[in-house]
Amino acid sequence: MDNVGSDESDRKGDISDRSSREWCDEALARLNAGRPESALDAARRAADLDPGAEWAYRLISLAHERLGRDADAVPAAERAVELARGSWPARLRLAAILRRSPGRWQEAVEHATLAARFAPERPDPAVMLGDLALLGGDHTRAERSYRVALAVDPANPQARMNLGLSLLRWDRPRPHHDPAWPVDPRETGRVRRALEVWSRQARLLVALATLAIAGAAFFLDRGAQAQLGGFAVLALLVPLAVRQARRVGLWSYVPAMLCRDPWLGAAVVSAALSVVAFAAWLLLGAVPSVPSALDPVWAGLAGIVVLGWPALAAVRALAETWRGRPLLALAETTRAREVREHAHAAQIDRTARRNVGVLLWILLGRTWSVLVPLVGAALAVEPSAAVAAVAVPYPMVRGYLRARHRGDRWLPAATALVVLAAAACAAGGLLGAWRAEPAATWAWRVGLGALAAALAVFGTRAARAWWRGGPGPWRTSLIMCDLPVGAEPSVALDPEVRQTFSYARGIVLSYGDALGPRVAGAVATVTSSGELRVITELEAWEAIEADPRVAVFAADPLQRRFWVEVRGIALPDSDVLRVTPKQVLVGEFPGRHQRR
């Protein structure tokens with residue numbers, strides 16, 4: 001029992017004797033292990049031991065973010081930037097959390113831009129700029145930023161996967177919301193929901209009323225009574241519209257929302273036109289001076305507007321299928337899956353597998369949408385032209401074989417059916433040209449049946465995903481790769497380096513300007529947070545404002561046996577330059593002390 005008690009006390013002693021950086025290492029290990037609550041405790045211990053440790057505050061912010069506490073993550077990230085204004089990981093951490101804070105999107109862009117300026121040799125700032133552009137809907141800028149990141153690190157999985165989304169012209173889950181708006185996305189989401197509900201209710205009621213009135217007038221000879229029922233439907237639409245209008249609230253944002261999300265705008269406009277056309281049809285039918293011969297014309301026009309929403313849905317599906325470059329996106333996403341040695345390899349693989357599956361369904365939809373008009377035109381004009389159908393599935397098959405996707409048993413069945421349809425229709429056209437009519441007829445039947453079966457497989461897969469609430473075979477199921485940023489360890493100055501800068505008589509500052517690298521004499525001190533405070537001539541300040549990357553040299557003040565070089569980012573603060581270290585180099589001068 002005594003030995004057990006002594007072991008327990010030893011463990012407690014080891015924990016209490018840990019330094020701030022050791023607690024930061026422990027917090028990072030717990031974050032990577034999926035234990036954010038425990039990581040938060042360790043990071044707070046590190047901050048208590050060393051209030052100037054900006055790494056600890058970055059880890060606190062990251063732990064809060066992983067716990068879903070974005071509001072609590074912001075102050076810690078801001079504190080990290082205050083402690084080390086030239087730290088690119090601190091800037092990235094703050095940008096990552098500010099992009100989800102209403103009204104602070106532009107600040108997030110500014111911090112990410114500074115991080116890219118401070119560390120152009122690192123891929124993470126370029127990836128963050130790409131993510132911000134992608135979330136803002138600027139796909140061209142996002143693609144450019146991701147390619148910059150891949151030029152620095154070709155194996156970066158987040159840049160590859162999100163580059164695929166930018167190539168596909170992907171829209172984020174809330175396309176109606178501008179991230180730069182000073183309003184919570186949940187508020188605009190409620191506005192969108194109210195508009196969608198009203199448009200759906202209005203179109204459905206007007207469509208049913210149109211069909212009922214037309215049926216009663218033409219088949220039951222009850223036109224007058226049916227017309228009164230139509231006016232009752234119009235009266236019913238008023239309280240429905242008022243009810244949803246009360247839920248909108250943010251009317252000033254509605255026009256911009258309809259412009260940012262054209263499909264939402266089309267749904268609202270089509271619903272409004274449906275109501276107007278329905279009301280005009282009823283009113284013209286009630287006016288005796290209008291010739292009765294116009295009634296069928298107005299009925300047809302009203303029916304086109306009212307029942308146009310299925311056509312709108314078909315146009316949307318076709319437009320989303322043909323938007324972007326899915327083959328290139330599939331190639332980039334597949335390459336991202338090849339990353340194995342990564343702290344977040346499991347998350348990367350899950351995201352890539354999901355996106356690859358959706359991309360293959362998009363390619364399948366493209367192939368099907370090409371085969372249908374091609375086969376239809378061949379049947380109507382020249383059956384032998386259907387021979388070209390055999391080449392249509394080639395891009396889809398090539399992408400399918402390259403991706404080696406597993407886990408969706410519906411996808412290979414639909415792919416095989418489309419390939420069978422292409423081959424059968426091509427065979428039907430070829431056999432028809434050879435005058436083998438019975439065989440050609442059966443080939444056409446098999447091809448058309450396979451096309452219909454492929455559509456049925458897609459519909460079943462989509463219905464199953466909708467019923468279970470899982471990701472479906474459509475574009476909106478694509479997700480970004482969003483890995484945590486800002487957890488990199490800070491550069492620490494050991495006691496020997498601190499002593500060198502504190503007591504050295506000669507300190508040299510190296511910086512760059514338009515004429516090339518320059519050096520200047522300087523005086524430096526080391527703060528408790530690990531930054532250098534440098535006093536130098538004003539001429540260097542102007543050059544440093546253009547390029548803040550500097551190097552500070554000092555020699556051993558006692559025996560002059562070694563030298564120290566600190567490379568970092570210099571930013572003006574009152575009458576001094578604050579240099580945040582990025583790299584520390586220590587070397588020995590040649591001399592008799594090296595002899596043995």
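The values are calculated or read from the model by the stated rules, or taken from the named source; none is laboratory data. No experiment lies behind these values; they were computed from the predicted model shown. Cβ placement follows ideal geometry from the backbone for every residue including glycine, while neighbour counts extend to all protein chains displayed. In case anyone asks, the SASA skips ligands and DNA or RNA and just uses the protein heavy atoms, side chains included. Shrake-Rupley method; radii C 1.70, N 1.55, O 1.52, S 1.80 Å.
Tell me whether the range 92-105 contains one or more residues that are assigned to a helix (DSSP H, G or I), at pLDDT 90 or above and open to solvent by 20 Å² or more (accessible area, probe 1.4 Å).
Restricting attention to the range 92-105, the residues satisfying the condition of being assigned to a helix (DSSP H, G or I) are 92-98, 105.
If we keep only those that are at pLDDT 90 or above too, we end up with 92-98, 105.
Now drop any that are not open to solvent by 20 Å² or more (accessible area, probe 1.4 Å), which leaves 105.
Yes: one or more hits.
Quick one: in the range 467-493, which of the residues that are over 20 Å from the mean Cα position of the chain (by Cα) and free of Cβ contacts under 8 Å to residues at least 12 places away in the same chain is least open to solvent (accessible area, probe 1.4 Å)?
Gly469
Selection over the range 402-412 of residues that are under 21 Å from Ser369 (Cα atoms) and free of Cβ contacts under 8 Å to residues at least 40 places away in the same chain gives a count of 1. Applying the selection to the range 155-171, what residues are in contact (Cβ under 8 Å) with a residue 40 or more places away in the chain, closer than 22 Å to Ala115 by Cβ and part of a loop (DSSP other than H, G, I, E, B)? The answer is Ala155, and nothing else. Filtering the range 333-351 to residues that are modelled with pLDDT under 90 and of a type in the set (S, T, N, Q) leaves only Gln347.
Yes or no: the range 324-332 includes at least one residue that is over 24 Å from Ala391 (Cβ atoms) and either of a type outside the set (Phe, Trp, Tyr) or at pLDDT 80 or above (or both). Taking every residue of the range 324-332 in turn, at least one turns out to be over 24 Å from Ala391 (Cβ atoms) and either of a type outside the set (Phe, Trp, Tyr) or at pLDDT 80 or above (or both). A search for C-beta distances below 8 Å between a residue of the range 48-74 that is within 18 Å of Ala29 (Cβ to Cβ) and any residue that is among the aromatic types (Phe, Trp, Tyr) and assigned to a helix (DSSP H, G or I), counting only pairs 6+ apart in sequence or on different chains, returns Leu49/Trp23; Ala56/Trp23.
How many residues does the range 53-86 hold that are open to solvent by 10 Å² or more (accessible area, probe 1.4 Å) and not in a helix (DSSP H, G or I)? Total satisfying the criteria: 5. Condition first: surrounded by fewer than 22 Cβ atoms within 10 Å (Cβ to Cβ) and closer than 24 Å to Ala314 by Cα. Now tell me which residues in the range 368-391 satisfy that. Hits for the range 368-391 are Ser369, Val370, Val372, Pro373, Leu374, Gly376, Ala377, Leu379, Ala380.
Taking the range 35-52 as the search range and keeping residues that are within 33 Å of the chain's Cα centre (by Cα) and open to solvent by 50 Å² or more (accessible area, probe 1.4 Å), which one is nearest to Ala77 (Cα to Cα)? Once the filter is applied, the top-ranked residue is Arg44. Restricting attention to the range 329-350, the residues that are surrounded by 15 or more Cβ atoms within 10 Å (Cβ to Cβ) and part of a helix (DSSP H, G or I) total 11. Across the range 106-154, the qualifying residues are those that are assigned to a helix (DSSP H, G or I) and of a type in the set (Asp, Glu), and the one among them that is most open to solvent (accessible area, probe 1.4 Å) is Glu110. Of all the numbered requirements in (1) out of contact with any Gly (no Cβ under 9 Å at 6 or more places or on another chain); (2) charged (D, E, K, R); (3) surrounded by fewer than 17 Cβ atoms within 10 Å (Cβ to Cβ), Arg561 misses one, and that requirement is (1).
Contact annotation: residue pairs with Cβ atoms under 6 Å, 6 or more positions apart or on different chains, pairing a residue in the range 266-289 that is at pLDDT below 75 with a partner that is not in a helix (DSSP H, G or I), are Leu284/Val290.
Looking across the range 166-178, the residues that are open to solvent by less than 20 Å² (accessible area, probe 1.4 Å) and touching a helix residue (DSSP H, G or I) at 6+ places or on another chain (Cβ under 6 Å) come down to Ser166, Leu167, Leu168, His176, His177. Taken over the range 413-449, residues that are under 22 Å from Pro395 (Cβ atoms), touching a residue at least 12 places away in the same chain (Cβ under 8 Å) and surrounded by fewer than 18 Cβ atoms within 10 Å (Cβ to Cβ) amount to 2. Across the range 547-592, the qualifying residues are those that are under 46 Å from the mean Cα position of the chain (by Cα) and outside any strand (DSSP E or B), and the one among them that is modelled with the highest pLDDT is Pro548.
Looking at Trp198, Trp263, Trp251 in this structure, which one is surrounded by 15 or more Cβ atoms within 10 Å (Cβ to Cβ), of a type in the set (Phe, Trp, Tyr) and either over 28 Å from Ala314 (Cβ atoms) or at pLDDT below 90 (or both)?
Only one candidate passes the filter, namely Trp263.
Exactly one residue out of Val390, Val397, Val419 is among the aliphatic types (A, V, I, L, M) and either modelled with pLDDT of 95 or more or touching a His at 6+ places or on another chain (Cβ under 6 Å) (or both): that is Val419.
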